[in-house]
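To start, the structure under review is shown below, and the notes come after it.
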Amino acid sequence: MAAWSSSPSLRHLLLLRPRLPLGPTCLAGSFSRRHIHSHSRRRLFSSASSSTLTHGDEASTHVDAGGVVDVNPPRGTRDFPPEDMRLRTWLFDQFREVSRLMAFEEVDFPVLESEALFIRKAGEEITQQLYNFEDKGGRRVVLRPEITPSLARLVIKQGKSVSLPLKWFTIGQCWRYERMTRGRRREHYQWNMDIFGVPKVRAEAELLQAIVLLFQRLGITSSDVGIRVSSRKVLQAVLNMYSIPEHLFTEVCIIVDKLGKLTREEIEKELMSTGLSSEAVQGIIEVLSLKSLSKLEEVLGSGVEAVADLKKLFSFAEQYGYADWICFDASVVRGLAYYTGIVFEAFDREGKLRAICGGGRYDRLLSTFGSEDIPACGFGFGDAVIVELLKEKGLLPDMSRQIDDIVFPLDEELEGPASSIASSLRKKGRAVDLVEDKRLKWVFKHAERINASRLLLVGNSEWERGMVRVKILSTREEFEVKAGDLE
């Protein structure tokens, strides 16, 4: 080890100061920032005038009469400070890597869309949750509540310039004005994977593998999570058994999607209000209570398309190796009107959280926008519930900041050489924090906070010889290196 030639106090700090252990950063909760002082509201002074924004049953004063701005984000939304942003980036990287492994291409769309894209006269809950308004040009617009209609719009726009099948994915922000619960906010990011141009169940099998592959990469097992699978065609077959008119199908789907959220009596009452007979209502609920595909086949018969599709999908699941992840549950219908076939949703087996993700087949969506239909299926996977699940299972990764080097000039006249060293190392791919105008004690503490690997000190006596003193912070080893040889 080379002798240290600077001041004794500095040498003492370098040689004797112990390297404190770097504990992992605990990311309790979801992405939303923890409030250290929950009893006080953080405010920011502003010269802006007082204004009040009211939405629905809530009023939030953003600027009071004294010009003090509430710096908390609007209710149901989130800030992403650095530690939360690292977690979000990590999760999105997982989404992208699974999509790459499945040979999907990434696309994107504006978060602001035409309102007409999402207004469907089907009684869907989502149409009552829109952040919609008229822009300054008099156009009705909306912050998108989901991504699939935007995807369909792009497919129509691309037209025959693209060849089928299309395998596209996106990660985008969605907005819904809804009641907030654990894992549910008024904005969230969603990973969507969609396949256009594949009419067979193979497409659903591929999508389910993508979901399972993500869970496996995150450390989640089939004992933690399951995927309920059914088909809209099951309900259609039951309605046919009771000669229920076709125009009631979507309305009935939306009602039975509330199974598990409302009592059986409430579901029966809503179904009866559509004009269904008591016999038909009981028949629908009995079939949708089935959890066995063989029992469903007994009721509907083996020649029914819904049964054939599901049997094929479960056969694929065996071949892909994820049969232990999926289970048949006839009550799964999904709440959006455009689904036409296989539907599915992932759930935590302990039942503590809402659905982790969900999707299905929507072969007739494009025609609702005046275009020719293309067979399609896809899923949406939100960022909030999966983080809650990872926290619940103790699977959140260590999101500590990681920096390769800190460069610190010991004198003001050495700031130029320090800048040169930092620039050279960055060009070689190293993450470098250039620190000036601080005490050495602060620099050491800073190195611990950011998990720096090395501390590079630029001192007068060393620099006169073209050298830089390097300290390996994990081992406290130190030595001199020629500035041009730093790697």
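The values are calculated or read from the model by the stated rules, or taken from the named source; none is laboratory data. On a predicted model such as this, the values are computed, not experimentally measured, just so you know. Heads up, the Cβs are rebuilt from the backbone with ideal geometry, glycines too, and the neighbour counts pull from every protein chain shown. For accessibility, only protein heavy atoms count, side chains too; no ligands or nucleic acids. Shrake-Rupley method; radii C 1.70, N 1.55, O 1.52, S 1.80 Å.
List the helices (runs of 4 or more DSSP H) inside the range 264-327, counting only whole elements, that have at least 3 residues being open to solvent by less than 30 Å² (accessible area, probe 1.4 Å).
278-288, 305-320
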Across (1) assigned to a strand (DSSP E or B); (2) under 28 Å from Gly219 (Cβ atoms); (3) aliphatic (A, V, I, L, M), Leu87 clears everything bar (1)
Restricting the range 165-183 to residues that are open to solvent by 60 Å² or more (accessible area, probe 1.4 Å) and at pLDDT below 95, the one nearest to Val142 (Cα to Cα) turns out to be Arg179
For the range 134-169 the number of residues that are assigned to a strand (DSSP E or B) and under 26 Å from Glu187 (Cβ atoms) is 7
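Considering only the range 183-203, how many residues are more than 14 Å from the chain's Cα centre (by Cα) and either of a type in the set (Asp, Glu) or assigned to a strand (DSSP E or B) (or both)?
Counting residues in the range 183-203 that are more than 14 Å from the chain's Cα centre (by Cα) and either of a type in the set (Asp, Glu) or assigned to a strand (DSSP E or B) (or both) gives 3.
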When Leu288 is run through (1) modelled with pLDDT under 95; (2) more than 22 Å from Val225 (Cα to Cα), the failure sits at (2)
Among residues of the range 457-473 being touching an Asp or Glu at 6+ places or on another chain (Cβ under 7 Å) and surrounded by 20 or more Cβ atoms within 10 Å (Cβ to Cβ), the residue nearest to Ile403 (Cα to Cα) is Lys471
Any hit, the range 104-117, residues being in a helix (DSSP H, G or I) and at pLDDT 95 or above:
no
For Pro409, indicate whether it is at pLDDT 95 or above and open to solvent by less than 30 Å² (accessible area, probe 1.4 Å).
yes
Those residues of the range 214-253 which are part of a strand (DSSP E or B) and open to solvent by 10 Å² or more (accessible area, probe 1.4 Å) amount to Arg228
Expected output for the range 253-270 (first residue under 22 Å from Gln236 (Cβ atoms), partner aromatic (Phe, Trp, Tyr), Cβ below 8 Å, 6+ apart or cross-chain) is Cys253/Tyr339
Expected single match for assigned by the TED database to the domain that holds Lys233 and in contact (Cβ under 8 Å) with a residue 60 or more places away in the chain among Asp373, Asp383 is Asp383
Scanning the range 221-249 residue by residue, those over 27 Å from Glu286 (Cα atoms) and touching a helix residue (DSSP H, G or I) at 6+ places or on another chain (Cβ under 7 Å) turn out to be Ser222
Only unsatisfied item for Glu206, checking (1) assigned to a helix (DSSP H, G or I); (2) at pLDDT below 95; (3) open to solvent by 20 Å² or more (accessible area, probe 1.4 Å), is (2)
Examine the range 350-362 for a residue that is in contact with a strand residue (DSSP E or B) (Cβ under 8 Å, 6 or more places away or on another chain), under 19 Å from Thr127 (Cα atoms) and not in a loop (DSSP other than H, G, I, E, B), and state whether such a residue exists.
-> yes
Exception for Gly226 within (1) under 29 Å from Met102 (Cα atoms); (2) out of contact with any Cys (no Cβ under 6 Å at 6 or more places or on another chain); (3) touching a residue at least 12 places away in the same chain (Cβ under 8 Å) falls at (2)
